[in-house]
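Here, each number is a calculation from the coordinates, and none is a lab measurement. Here the structure is a predicted model, which is why all the values come from computation and not from measurement. So basically every Cβ, Gly included, is an ideal-geometry build from the backbone, and we count neighbours across all protein chains shown.
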Amino acid sequence: MTPPGLIYPKMTVIGFGLIGGSIVRAAREHKLVGEVVVVDASPAHRARVEELGLADTVTADVAEGVAGADLVVIATPVLATADVAAIAAAAMKPGATLTDVGSVKAGPAEAMYAAAPAGVHVIPGHPIAGTEHSGPDAGFAELFENRWTILTPKINDDEAYALAVARLSSFWRAIGANVELMDEKHHDLVLAVTSHLPHLIAYTIVGSAADLENVTESEVMKYSAGGFRDFTRIAASDPTMWRDIFVANKDAVLEMLGRFTEDLQAMSRAIRWGDADTLHDHFTRTRAIRRGIVAAGQESAEPNFGRDRGKH
């Protein structure tokens, strides 16, 4: 008899970092999956997953790990998605779903579709949730609550594929996420604005502060007020993940960076010429945007329940 709430009898997660670990913890907590397999290339990560008791099977072998799985989630850095998908898809059973969690969709989606044999449902995805922490202990079950997960399925009339999309959507909703379907290229443009460019700015401004010859490192640490402190939090994110994102989504990021540079130059002119009205109008408009984000429940403050990340 199928237990109530069970969506996937067997789930395999490839890559056990913040997102992969949080998916496993959330699926376990809500009893949405039966057997859980974790695939990770790092011996240290595999050992830690076994210590945590979060998986029924832990392996470094992708093909072995996905065998018989109903859902396979690729949670590796973006540039590794194509190679992992090529191995995973070939070993998956017909009717299974292959998805990912990367912050870039167009390139990885193309690679996943190319790798998948007939009968394997490829549904690229991206949960818009996270912290600056990484590794097996970083995840927690509540990470996706009231956050958006974007799925970028292909458009076709296949009934089995439509059911697979609905099933995956139900899985994400069951762990607390809001689900939106979107074109993959539009996704990459939207995320370039809302996530990728802000991270690039954070990495850059923290680096600029560190390079100032007349400001010591101790002063940067001592006098970090709220604004700069927020930048340092963002800039503490996993460097491998963000390296891959900027390489994979370079066109959209460069377009948004060009627009931002023009806006920054306009602010520079306003400051130089003492144009108080322009500055005030701009700050008023952007404050309203911030208030809208908070009202929508999308403020990414560090959750209190992060204390218990080592548990499931």
Lys/Arg Cβ at +1, Asp/Glu Cβ at -1, dipole of the chain taken about the Cα centre: which of L54, A69, N156 is farthest positive-ward? L54
Would you mind telling me the antiparallel percentage of the DSSP bridges in the stretch 8-182, rounded to 5? 15 percent
Please report L181, L98 as a ranked list, fewest other C-beta atoms within 10 angstrom at the top and most at the bottom. L181, L98
Test of understanding: what is the full-extension gain from D281 to D157, defined as 0.36 nm times their sequence separation minus their Cα-Cα distance? 39.8 nm
When the chain is treated as a Gaussian network with springs between alpha carbons less than 10 Å apart, the largest mean-square fluctuation among H282, H186, H196 is found at H282
Could you work out which residue, out of A295, A177, A88, moves most in a Gaussian network model of the chain, that is, has the largest mean-square fluctuation with Cα springs under 10 Å? A295
With +1 on each Lys and Arg Cβ and -1 on each Asp and Glu Cβ, how big is the dipole of the chain about its Cα centre, in debye rounded to the nearest 20? 580 debye
Computed lengthening from D83 to A166, 0.36 nm per intervening residue step minus Cα-Cα distance: 27.2 nm
What's the ranking of 42-52, 77-87 by average number of surrounding C-beta atoms within 10 Å, highest first? 77-87, 42-52
If R₀ is 45 angstrom, what is the calculated FRET efficiency for the pair Y113 and F228, using the beta carbon separation as r and rounding to 0.05? 0.60
Select from V104, V190, V39 the residue whose mean-square fluctuation is largest in a Gaussian network model of the chain (Cα-Cα springs shorter than 10 Å). V190
What is the chain's relative contact order, in percent, from Cα pairs under 8 angstrom and six or more apart in sequence? 18 percent
Provide, in order from the shortest bin, the percent of all Cα-Cα pairs of the chain in each 20 Å bin, continuing until the bin that contains the maximum pair distance. 30, 54, 15, 1
At R0 = 45 Å the Cβ-Cβ FRET efficiency linking T59 and F260, nearest 0.05, sits at 0.55
